[in-house]
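The values are calculated or read from the model by the stated rules, or taken from the named source; none is laboratory data. A quick note: this is a predicted structure, and the numbers were derived from the prediction, not measured. Neighbour counts are summed over all protein chains in view; Cβ atoms, including those assigned to glycine, are modelled from backbone coordinates with ideal geometry.
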Amino acid sequence: MIQSTNSLNDHQLLEAKALIATCQKYDGTFRDPYLSNMLNFDPNMPAFFLYYEKGEPVGLLTVYADDPDVELAILVHPNHRRQGIARALYRSFEKETASYPIESVTFQTERIFLGRHPDFASNWGLVEDEETETWLGKDRKPYLLANDSNLEVLLADRSYQDQISQLKFQVFSEEHESREVVDRYVAEALKDPESRLYILLKNGQVIGTCTVDLSSNTNYFYGLAIAELERGKGYGSYLAKSLVNQLIEQNDKEFQIAVEDSNVGAKRLYEKIGFVKQTQVVYLTPKE
């Protein structure tokens, strides 16, 4: 039986997290699918599909759709694979989202999973996208960080919303992020209890920003951006280190960050400050 919903309730969230943890342990994977629909272009669209067998959740499909080019993650319990569960979930997704303006579908997976299942992509008629992403992790060891009187790292509030959107749009427009998508990310991060949106101020001006997602069992950093004119001055590592130090005081989680492999500079920065590669995320698209 497949249950679909636009938003996971507390019980379904626990079921999904348990299934993800089981799959990660078995497969040696690290990437947690995003379990909220907050950033999806239509909050009413079904975004989670759970496959139950004898009342136990054994399959999960998640839909990440901040624009009409959607990304799917599919996980199946190791004891229930090769039984058509993944395809059943995908058929259910196709059927239930047929009326929504979806333009393309991309599947997320990890290099280690493809290495262990070399026929997976061809069996599904998929090819690898050129874009890949590295996920890096860090333990809870704090940094020795000299205070700079010109710099301040703060939890943002709504009064900074426009400045943050402007900065993010300047930085991420080259990645084809529209202003509308950027505005949605900022607005949702400010109101989501599982998110923390931080800013880096230099002499009172916003020159950097980073969001921390607290919904998984790590502090996951994303959207770290430094204003173009302020790059190359060590502000990116100052912001990341400050956040690590602050969050060590606030919870008992380790740290994760994702960076596109084409962004060599950012990857080098994170490695330099002690983040270690965990996995490579691969995107698969249907053959033309």
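Some values worked out for this structure:
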{"read-out": "Qualifying residue in region 68-77 (condition: over 16 Å from Ala21 (Cα atoms), among the β-branched types (Val, Ile, Thr) and either in contact with a helix residue (DSSP H, G or I) (Cβ under 6 Å, 6 or more places away or on another chain) or surrounded by 21 or more Cβ atoms within 10 Å (Cβ to Cβ) (or both))", "value": "yes"}
{"read-out": "Residue identified as of a type in the set (A, V, I, L, M), modelled with pLDDT under 95 and closer than 26 Å to Val282 by Cβ among Leu50, Leu60, Leu39, Leu8", "value": "Leu39"}
{"read-out": "Residue satisfying condition, being touching a Cys at 6+ places or on another chain (Cβ under 6 Å) and of a type outside the set (Ser, Thr, Tyr), within set Leu214, Leu224", "value": "Leu224"}
{"read-out": "Selection from region 1-21 of residues that are touching a helix residue (DSSP H, G or I) at 6+ places or on another chain (Cβ under 7 Å) and either outside any strand (DSSP E or B) or within 22 Å of Trp135 (Cα to Cα) (or both)", "value": "Leu8"}
{"read-out": "Residue match in region 230-240 (condition: in contact (Cβ under 8 Å) with a residue 60 or more places away in the chain, outside any loop (DSSP other than H, G, I, E, B) and among the charged types (D, E, K, R))", "value": "no"}
{"read-out": "Candidate set from region 15-41 (those that are among the hydroxyl-bearing types (Ser, Thr, Tyr) and within 11 Å of the chain's Cα centre (by Cα)); member that is surrounded by the most Cβ atoms within 10 Å (Cβ to Cβ)", "value": "Tyr34"}
{"read-out": "Gly274 vs. criteria out of contact with any helix residue (DSSP H, G or I) (no Cβ under 8 Å at 6 or more places or on another chain), free of Cβ contacts under 8 Å to residues at least 12 places away in the same chain and assigned to a loop (DSSP other than H, G, I, E, B)", "value": "no"}
{"read-out": "Residues being more than 21 Å from the chain's Cα centre (by Cα) and surrounded by 16 or more Cβ atoms within 10 Å (Cβ to Cβ) - total across region 97-119", "value": "2"}
{"read-out": "Members of region 34-56 that are in a loop (DSSP other than H, G, I, E, B) and aromatic (Phe, Trp, Tyr)", "value": "Tyr34, Phe41"}
{"read-out": "Failed item, numbered, when Ile248 is tested on (1) part of a helix (DSSP H, G or I); (2) under 20 Å from the mean Cα position of the chain (by Cα); (3) surrounded by fewer than 19 Cβ atoms within 10 Å (Cβ to Cβ)", "value": "(2)"}
{"read-out": "Filtered residues of region 144-168 (kept if part of a strand (DSSP E or B) and not charged (D, E, K, R))", "value": "Leu151, Val153, Leu154, Leu155"}
{"read-out": "Where a residue in region 38-55 is more than 18 Å from Lys95 (Cα to Cα) and its partner, wherever it lies, is basic (Lys, Arg), with Cβ under 8 Å and at least six apart", "value": "Leu39/Arg184"}
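A quick yes/no check of all residues on (1) of a type outside the set (Ser, Thr, Tyr); (2) crowded, with 18+ Cβ neighbours inside 10 Å; (3) under 24 Å from Tyr34 (Cβ atoms):
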position: Ser122; (1), (2), (3): no, no, no
position: Thr132; (1), (2), (3): no, no, yes
position: Tyr143; (1), (2), (3): no, no, no
position: Asp162; (1), (2), (3): yes, no, no
position: Gln170; (1), (2), (3): yes, no, no
position: Lys191; (1), (2), (3): yes, no, yes
position: Cys210; (1), (2), (3): yes, yes, yes
